[in-house]
Amino acid sequence: MFLLDASIMGRRQVARGMFVIGMHAPEIATTVRAGQFVNLGWASGPLLRRPFSVYRADGEHIEVVLKAVGLGTAQLLAMELGDRVSCLGPLGRGFELAGANAVLISGGLGVAPMPLAARDARAVGMEVTWVHGARTAAELCAEAGGDRVIWATDDGSQGIQGTAVAASPDAEAVLACGPNRMLAAVAERWPHAQVSVETYMGCGTGVCLGCAMPLKRGGYDRACTEGPVYRAADVDWGALPSHLAYAVGT
Ligand SMILES: Cc1cc2nc3c(=O)[nH]c(=O)nc-3n(C[C@H](O)[C@H](O)[C@H](O)COP(=O)(O)OP(=O)(O)OC[C@H]3O[C@@H](n4cnc5c(N)ncnc54)[C@H](O)[C@@H]3O)c2cc1C
Ligand code: FES
């Protein structure tokens, strides 16, 4: 884990209201694995850091993807080139990648861990199908990729009409990220799927216990440390809040 004073290197729009921010964070870029996240803080920012999945990592740079859902995300999106962000990471347990093929299922902002997942899966020889869904075509992230891409929209304006889960084929490895209700549907169909789950977080490092993840077997563990990637059948979906930010705009 590294604590870096990272500078903002760029910003681009990838869907309606959805932006990718690049940062110079060499130690994190070279060590991060798919599904891990960074906890970001900045001068005049909120008291608590804000967690973001690493979207891409290349050379000395990492990227995160976000929408403005509150104070922290709005401030991040208002930053100028060269502004400094305190970047703690890589954090958490990422995806485990093994098998001949993988399907990546993302709903809306759930694209966040998927470019790295596609990269890492292909690096170990897996064939990658990426199924990306949103309410409407304008909200689909234009950067979904892989050996094959399947688009799904609620209104049928691009790709298959319906949910990304319904549009998805089976595969040896199923990786998913999106609103909790989508992940609960993934758990029904593929109990062995690996899902990246969102919770509220504080420290991001296992100390504050602010990220309790309810488990099917009873009790909780720490999403920042034992997660944020879980086996789908292990999460007590009924006990999770349904209003978290990945659900906004999806
Ligand atoms: C492991 C992990 C990875 C994440 N990756 C991404 C990502 O790649 N891209 C992305 O856009 N978001 C991601 N999030 C969610 C992101 O951290 C929240 O959107 C962010 O904390 C909201 O901060 P804010 O200051 O803008 O909103 P706030 O002003 O704190 O809250 C605004 C509203 O958002 C709600 N909210 C939703 N989710 C959260 C949350 N997790 N923490 C606090 N408040 C929340 C609040 O209840 C409130 O209603 C991730 C969260 C986790 C736990
Ligand atoms: S966020 Fe502090 S223990 Fe997980």
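The values are calculated or read from the model by the stated rules, or taken from the named source; none is laboratory data. From a predicted model like this one, the values you see are computed outputs, not experimental measurements. Backbone-built Cβ (ideal geometry, glycine too); neighbour counts: all protein chains shown. We work out accessible area using only protein heavy atoms, side chains counted, and drop any ligands, DNA or RNA first. Shrake-Rupley method; radii C 1.70, N 1.55, O 1.52, S 1.80 Å.
A few points about this structure:
- L175 fulfils the conditions (1) away from ligand 1 (no atom under 16 Å from the Cβ); (2) touching a helix residue (DSSP H, G or I) at 6+ places or on another chain (Cβ under 9 Å); (3) aliphatic (A, V, I, L, M) except for a single criterion, (1).
- Checked against (1) in contact with a Phe, Trp or Tyr (Cβ under 6 Å, 6 or more places away or on another chain); (2) in the same structural domain as P26 (by TED's automatic domain parsing), A117 meets all criteria but (2).
- None of A68, A102, A57 is within 25 Å of S168 (Cα to Cα), at pLDDT 95 or above, away from ligand 2 (no atom under 16 Å from the Cβ) and under 17 Å from the mean Cα position of the chain (by Cα) except A102.
- Tabulated pairs, the stretch 68-83, first within 19 Å of A15 (Cβ to Cβ), second open to solvent by 50 Å² or more (accessible area, probe 1.4 Å) and not in a helix (DSSP H, G or I), C-beta under 8 angstrom, 6+ apart or interchain: V69/V248; T73/R50; A74/A68; L76/R50; L77/R11; L77/A68
- Picking from residues in the stretch 198-212 that are near ligand 1 (Cβ under 9 Å from one of its atoms) and farther than 7 Å from C224 by Cβ, the one that is most open to solvent (accessible area, probe 1.4 Å) is Y200.
- Sub-6 Å Cβ pairs linking a first residue in the stretch 225-239 that is open to solvent by less than 40 Å² (accessible area, probe 1.4 Å) to a second residue that is among the hydroxyl-bearing types (S, T, Y), at least 6 apart or interchain, are P228/S196; V229/S196, ordered by first then second residue.
- The one condition in (1) within 12 Å of ligand 1 (Cβ to nearest atom); (2) surrounded by fewer than 22 Cβ atoms within 10 Å (Cβ to Cβ) that V65 fails to fulfil: (2)
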